[in-house]
Structure formats: C-alpha cells, structure tokens
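*Asks:* Pasting a structure here, questions to come.
The values are calculated or read from the model by the stated rules, or taken from the named source; none is laboratory data. This structure is a prediction, so every number in the text was calculated from the model and none was measured. Glycine gets a Cβ as well: all are built from the backbone with ideal geometry, and neighbour counts include every protein chain shown.
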C-alpha cells in the first residue's frame, strides 16, 4: 500500500513541478504574505539622498579603472567615452524598468520579486541565482584589483606580490588573495551591523570617490591635448563595431544600480523616493564615467604602451 502511494505521488511529480514553475504571485501576495513570513517590518529610515549615494556607491568604483584602459587600447580607441554613453543609455533604460516595478511592488526582493510576479517562480529563482552570481563575481574582481592597487601604492611592481602561491592547483587559480578576502569580510560586517550606519559609511566613501573622479576630470581637461583624441587613427579607429563592442565591456562598470530597488522596505515614501534614487544615481555615474574616460584619452594616446 505504501509503495503504491509513493509511486502514485511520484508519477504526479512532473505535473506538480510544471504547475509550480509557472505559478505567479500577485502583487498583494508579494507585499503582504512574504512580509508576514519574513517577520518584523523593516524600519523606514532611508531618504532619496541615501538612495542616490547607495546607487552611486554601488556603481562608482575601480571597475572603471579596470575596463577603460584595455577597452581604449584594444576595442574602441579614443571613442571609449562614446562607449560609456551607449552603455549609460542601456543602464538608464534598465533602471527605468526597475523604477516602475519597484514603485508598484516596493519589497526587498528586487528583480527576483518582480519576475516572480510577472513570469512565475522558476524564472524568478533563475534570475535571482544569476544576480547573486553576478555580484559574487564582480565583488571578487573588484577585491582582487584592490589588492593590486594597494601593493602598487606600497612600491611593489608585481601585482601578485601580496598573494600566496599554492602548488598543486590549476594555473590561474593558484594565487590565494587574503587581502581581498579580508576586505570583503570587513565590508560584510559593516553591512550586517546596521542599514543606517552602513549607508552613512557608503555616503562618505561615495563623496571620496566623486572628489577623486573630479580631480582626474579636471586634470585631464586642463593638461590634456585634443591631438590625443584624433591621432593616430582618428577618434574611432575601430569603427562603430568597436564602439558597440566597447559598450558591452564597459557596462560592467554600471553593475550595482539595481541594489537601490532592494531597499524598498526601508525607504520613506517609496513611490517618490525610489525613482529619484535609481534614475538619479545612474545619471550621476554616467556623467562621471563619460567625462573621466574623455579626460584620460586627452591625457594619453590610446595606443601608448
């Protein structure tokens, strides 16, 4: 009898799985049932400038330093600043989609919640896993770059000088980066301590980034030469294809604007604050990236070794 019941239930698994995969949630379920299941409500403390700082801080970072040089040299040439403009338009359109969803469904789930309401749980879980992997890989890349910059600041020319070589592992995966791990742990502790305090730390770091970018932009426009933009192969030596290929690569620098929508349950007046936070942060970062890429191309020829 038990075996028969088990086999009968097992035979219904495909139908149940299909039904679960295609099941969608209503906005009311996403707003109320998930919140009840997760426990106490979050305190609404964040304002529009907290969100702008969070979005700018999430996007503005060493990603632009990692991508601008190689893209200018191998892909776009001096027109790398146009690649940033194209990538900025794509990020802005995507941010407008996030804005619309976050106003209608102001919950902490972000893209996972939006897709579960629209397409069902399977697409939602798949997208959630994809976003999680995106942040893990991008944070790892930025943290490893931090180690290289830090070692160079202390006079070490070898980027692997602060990493530990482990014999027996595959080449390319045999350099353990403990400073990068320590940086991620420290930032994680700051985030877990309190949303308001971590937001304040992010605001301070964002202000430092903006000042640093401003210094590079002013130095480039004051000391750069227009000849570096048009020589030796013109402003777009790799053509339109190079500009678009470069835009696909530098889009990496815009990762992070979607984090603003995940703070929906901690925002005062989300219907007005969220659009300002998401769109405003994308516009500010886009302007800084484009001006900085242009200033760097004014300072040095794109094909300089």
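*Asks:* Read through the list (1) out of contact with any helix residue (DSSP H, G or I) (no Cβ under 8 Å at 6 or more places or on another chain); (2) surrounded by 14 or more Cβ atoms within 10 Å (Cβ to Cβ); (3) over 27 Å from residue 290 (Cα atoms), then give the number of the only condition that residue 125 fails.
*Replies:* Against the list (1) out of contact with any helix residue (DSSP H, G or I) (no Cβ under 8 Å at 6 or more places or on another chain); (2) surrounded by 14 or more Cβ atoms within 10 Å (Cβ to Cβ); (3) over 27 Å from residue 290 (Cα atoms), residue 125 comes up short only on (1).
*Asks:* Right, residue 151: out of contact with any strand residue (DSSP E or B) (no Cβ under 9 Å at 6 or more places or on another chain), in a helix (DSSP H, G or I), free of Cβ contacts under 8 Å to residues at least 60 places away in the same chain and closer than 25 Å to residue 176 by Cα or not?
*Replies:* In short, yes.
*Asks:* I'd like to verify a number: residues in region 219-268 that are at pLDDT below 85 and either in contact with a strand residue (DSSP E or B) (Cβ under 8 Å, 6 or more places away or on another chain) or assigned to a helix (DSSP H, G or I) (or both), how many?
*Replies:* Of the residues in that region, 19 qualify.
*Asks:* From the residues in region 60-94 that are closer than 15 Å to residue 256 by Cα and modelled with pLDDT under 80, which one is surrounded by the fewest Cβ atoms within 10 Å (Cβ to Cβ)?
*Replies:* Here the answer is 62.
*Asks:* Have a look at 123, 136, 117 and point out the one that is under 27 Å from residue 94 (Cα atoms), part of a helix (DSSP H, G or I) and under 16 Å from the mean Cα position of the chain (by Cα).
*Replies:* 136
*Asks:* Tell me, please, whether a residue that is surrounded by fewer than 14 Cβ atoms within 10 Å (Cβ to Cβ) and within 30 Å of residue 257 (Cβ to Cβ) can be found in region 158-167.
*Replies:* Looking through region 158-167, none of the residues is surrounded by fewer than 14 Cβ atoms within 10 Å (Cβ to Cβ) and within 30 Å of residue 257 (Cβ to Cβ).
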